[in-house]
Amino acid sequence: MNNSDTYNDLKIICPEDCGNAPKKYFLKEVNIAFAKNDLSFIKDNITDDFNWNIIGRKLIQGKESFVETLKQMQNNKVIELHISNIITHGYDGSVNGTFILENKKSYAFCNVYKFISPRNNSKIKECTSYIIESS
């Protein structure tokens, strides 16, 4: 079963079990922050040496470069986020789903995360993103 919420014109659809484990809930919130372009939340939850590898596009190294990249993406407003799966184990986590932009373009994504520690509340030190435009 899926849970649907709306935050400031952003519709979010996510399996209800995403709140059952702290790291699953955290990755749900990280992906919502990405969609909302919530720079403050994201900055608070990544390491200074954070790396974001967008497969086939670019590698962004360091927190400040990452934040600058997100600022440049603010014009691409996400209006809908569908999270299909959230998987976590130890140092690793993954989220996949789709998102729709204000211009009605739709993308399938999978983000693979690496945490600094296997403990809950650990910061993220890297993210590898696979993003494909879908129709």
> In the structure displayed, which of 43/114; 58/105; 105/125 lie more than 27 Å apart, Cα to Cα?
Replying inline: 105/125
> How would you rank 127, 110, going from fewest to most other Cβ atoms within 10 Å of each one's own Cβ?
Replying inline: 110, 127
> residue 104: which lysines have alpha carbons under 22 Å from its alpha carbon, excluding same-chain residues fewer than 8 sequence positions away?
Replying inline: 11, 36, 71, 77
>> Multiplying the sequence separation of residue 134 and residue 75 by 0.36 nm and subtracting their Cα-Cα distance, what value in nm do you get?
In response: 19.3 nm
> In whole Hz, what ³J(HN,Hα) sequence does the range 69-77 give by Karplus (6.51, -1.76, 1.60; θ = phi - 60°), x for Gly and Pro?
Replying inline: 4, 5, 4, 5, 8, 4, 6, 8, 6
> When every alpha-carbon pair in the chain is counted, what percent end up more than 23 Å apart?
Replying inline: 27
>> Taking a cut-off of 20 Å, what percent of all Cα-Cα pairs in the range 31-106 are separated by more than that?
In response: 38
> With the Cα gyration tensor of the range 65-127 giving a ≥ b ≥ c as the square roots of its eigenvalues, does the rule (a/c under 1.5 for rounded; else a/b larger than b/c for prolate; else oblate) give rounded, prolate or oblate?
Replying inline: oblate
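Return the loop-located trypsin sites (Lys or Arg not before Pro) in the range 7-61 (DSSP other than H, G, I, E, B) with at most 16 other Cβ atoms within 10 Å of their own Cβ; answer none if there are none.
Filter output for the range 7-61: 57.
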> Measuring from label point to label point, each 7 Å out along Cα→Cβ, what is the residue 108 to residue 54 span in nm?
Replying inline: 1.9
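Every number here is computed from the coordinates shown, using simple stated rules; none is lab data. Given the structure is predicted, the values throughout are model-derived calculations rather than measurements. Positions of Cβ are backbone-derived with ideal geometry, glycine not excepted, and every protein chain shown enters the neighbour counts.
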